[in-house]
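Everything on this sheet refers to the single structure shown next.
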Amino acid sequence: MLNYLNTGIVFQEIPDEVTLSINITGCPCRCPGCHSQYLWENIGEPLTPMVLDKFMRQYGGDITCICFMGGDADPKYVSQLAQYLHREHEGLKVAWYSGRQTFPKSIRKRDFDYIKLGPYIEHLGCLKERTTNQRLYKRAVGDDFTDITSRFWKK
């Protein structure tokens, strides 16, 4: 089980989507320079399918995507929540911002429409920096994903 601390509707994390961002606590990555160190501790409320349904009743008409920000402590549970959202809320896209270097082999990529991988490394910058080590992928077909990180870069 994972806990979440807060949520917010965001427009920049996932290109072309109106996204409900869910900040998951208990992050094991502990990236130096992290802008969300308050999410390192396991605080907040349990994130369950019932909570996701509550969010959908509250925001459903206003959002096109839900993004799990974190969840690296229990990737299988994040995957289960993604499966639930796709099954119960047709057409909703699901994203996962992970600090892992690679996608966990124990879960299915196709449970997600977008996946951000890579720990934050301060001197390399975030997704909007061309030097970043982080990558955002968009599902193409099945388990095939396309790197769309360049969408964050100014031309």
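The values are calculated or read from the model by the stated rules, or taken from the named source; none is laboratory data. If you're wondering where the values come from, they're calculated on a predicted model, not measured in any experiment. In this analysis, Cβ positions are derived from the backbone assuming ideal geometry, glycine residues included, and neighbour counts consider all displayed protein chains.
At-a-glance table
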{"quantity": "Of all residues making up segment 80-119, the number that are within 19 Å of Val141 (Cβ to Cβ) and either modelled with pLDDT under 95 or not aliphatic (A, V, I, L, M) (or both)", "calculated": "15"}
{"quantity": "Of all residues making up segment 55-74, the number that are in contact (Cβ under 8 Å) with a residue 12 or more places away in the chain and assigned to a loop (DSSP other than H, G, I, E, B)", "calculated": "9"}
{"quantity": "Filter pass, Arg110 being loosely packed, with under 14 Cβ neighbours inside 10 Å and more than 22 Å from Glu41 (Cα to Cα)", "calculated": "no"}
{"quantity": "Subset of segment 96-107 [buried (at least 18 other Cβ atoms within 10 Å of the Cβ) and more than 15 Å from Gln134 (Cα to Cα)]", "calculated": "Ile107"}
{"quantity": "Flag for Tyr77 being closer than 27 Å to Cys31 by Cα and either assigned to a loop (DSSP other than H, G, I, E, B) or not small (Gly, Ala, Ser) (or both)", "calculated": "yes"}
{"quantity": "Test: residue in segment 147-155 that is more than 14 Å from the chain's Cα centre (by Cα), more than 21 Å from Ser79 (Cβ to Cβ) and at pLDDT below 90", "calculated": "yes"}
{"quantity": "Residues located in segment 13-53, provided they are hydrophobic (A, V, I, L, M, F, W, C), outside any loop (DSSP other than H, G, I, E, B) and surrounded by fewer than 14 Cβ atoms within 10 Å (Cβ to Cβ)", "calculated": "Met50"}
{"quantity": "Criterion: farther than 20 Å from Leu20 by Cβ and without any contact (Cβ under 8 Å) to a residue 40 or more places away in the chain - qualifying residue of Leu124, Leu52, Leu85", "calculated": "Leu124"}
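Residue by residue, here is whether (1) under 12 Å from the mean Cα position of the chain (by Cα); (2) part of a helix (DSSP H, G or I) holds:
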site: Leu81; (1), (2): yes, yes
site: Gly91; (1), (2): no, no
site: Arg100; (1), (2): yes, no
site: Ile121; (1), (2): no, no
